1. Can you tell me which of (1) of a type in the set (Asp, Glu); (2) under 19 Å from the mean Cα position of the chain (by Cα); (3) farther than 20 Å from Ile38 by Cβ is the one Glu125 doesn't meet?
2. Go through (1) modelled with pLDDT of 90 or more; (2) within 21 Å of Tyr149 (Cβ to Cβ) and name the single condition Phe32 misses.
3. What pairs come out if I take residues in the range 29-55 that are of a type in the set (Gly, Ala, Ser) and pair them with residues that are assigned to a helix (DSSP H, G or I) and open to solvent by less than 10 Å² (accessible area, probe 1.4 Å) whose C-beta lies under 6 Å away, six or more apart or interchain?
4. Identify the residue in the range 126-173 that is aliphatic (A, V, I, L, M) and surrounded by 14 or more Cβ atoms within 10 Å (Cβ to Cβ) and, among all such residues, is nearest to Ile114 (Cα to Cα).
5. Please identify the pairs in which a residue from the range 65-87 that is closer than 15 Å to Met111 by Cβ has its Cβ atom under 8 Å from the Cβ atom of a residue that is open to solvent by 60 Å² or more (accessible area, probe 1.4 Å), counting only partners at least 6 apart or on another chain.
6. Which of the numbered conditions does Glu129 fail, given that it passes all the others? Conditions: (1) within 18 Å of Tyr55 (Cβ to Cβ); (2) in contact (Cβ under 8 Å) with a residue 12 or more places away in the chain.
7. If Asn43 passes every condition in (1) open to solvent by less than 100 Å² (accessible area, probe 1.4 Å); (2) farther than 19 Å from Glu129 by Cα; (3) under 13 Å from the mean Cα position of the chain (by Cα); (4) modelled with pLDDT of 90 or more but one, which one does it miss?
8. Return the total of residues in the range 66-95 being outside any helix (DSSP H, G or I) and either on the phi < 0 side of the Ramachandran plot or in contact with a Lys or Arg (Cβ under 7 Å, 6 or more places away or on another chain) (or both).
Amino acid sequence: LMMISIELKDGSFIVRKIGQNPSMLTVKGFDFDKYKKILEEINAYEDYKKADLSYADKFYVGAFAYLRRIFEKLLKKFVGDEELEDDHIDTKIKFTKKLFDPRIQGILKNMYSILSVSIHELDEEESKEYYEDLKAILDMQFEYMKTEYEKKRQSERLSATLNKIVNDLKKTE
């Protein structure tokens, strides 16, 4: 079901899509919630959804813009309140590199360059060709972060359990 508005203006028809049910999210079958917690931490959950929706709607350069925004927000989160010598992306990448998945640490600078160039220099077809690979790199990072969070949580839980056992044993002595 789709709601469409058709208007005659200056001898031309203007057609606008107002809404649809089910939504594009449902139709395309995207899974945005896999990294929701991480994306919300960096204020990029909506950008992540918009990137895939732009791609699905064939707005490939727009999809790239959202991927770049997500990458910039990730860097901002990793830099935090730290005072850097300058505000250049290269400086931020160098400072935060160790927080990225080791498999992608060596390509961060090139990735940002590609995301930037695409917005200004690539056409829609070129952007379409590269989108999924660049998104996959971001997804690798989010999977890495998710795994690291889970390892940390597990370690803390096991440490607390061991401390409890030690304390319980001391009480019985």
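1. (2)
2. (1)
3. Within 6 Å, the pairs are Ala44/Ile70; Ala51/Ala63; Ala51/Leu67; Ser54/Ala63.
4. Within the range 126-173, the first condition is being aliphatic (A, V, I, L, M), and the residues that meet it are 134, 136-138, 140, 145, 158, 160, 162, 165-166, 169.
Adding the requirement that they be surrounded by 14 or more Cβ atoms within 10 Å (Cβ to Cβ) leaves 134, 137-138, 140, 145.
Values: Leu134: 9, Ile137: 12, Leu138: 13, Met140: 17, Met145: 23 Å.
Within the range 126-173, the match that is nearest to Ile114 (Cα to Cα) is Leu134.
5. Going by the 8 Å Cβ cut-off, the qualifying pairs are Tyr66/Lys50; Lys73/Asn43; Phe78/Phe95; Phe78/Leu99.
6. (2)
7. Checking Asn43 against (1) open to solvent by less than 100 Å² (accessible area, probe 1.4 Å); (2) farther than 19 Å from Glu129 by Cα; (3) under 13 Å from the mean Cα position of the chain (by Cα); (4) modelled with pLDDT of 90 or more, the one that fails is (1).
8. Kept after step one, since they are outside any helix (DSSP H, G or I), are these residues of the range 66-95: 80-88.
Still in the list and also either on the phi < 0 side of the Ramachandran plot or in contact with a Lys or Arg (Cβ under 7 Å, 6 or more places away or on another chain) (or both): 81-88.
Of the residues in that region, 8 qualify.
The values are calculated or read from the model by the stated rules, or taken from the named source; none is laboratory data. Worth saying up front: this structure is predicted, and the values here are computed from it rather than measured. Backbone-built Cβ (ideal geometry, glycine too); neighbour counts: all protein chains shown. Each accessible area value is taken on the protein alone, full model and side chains, heavy atoms only, with ligands, DNA and RNA left out. Shrake-Rupley method; radii C 1.70, N 1.55, O 1.52, S 1.80 Å.
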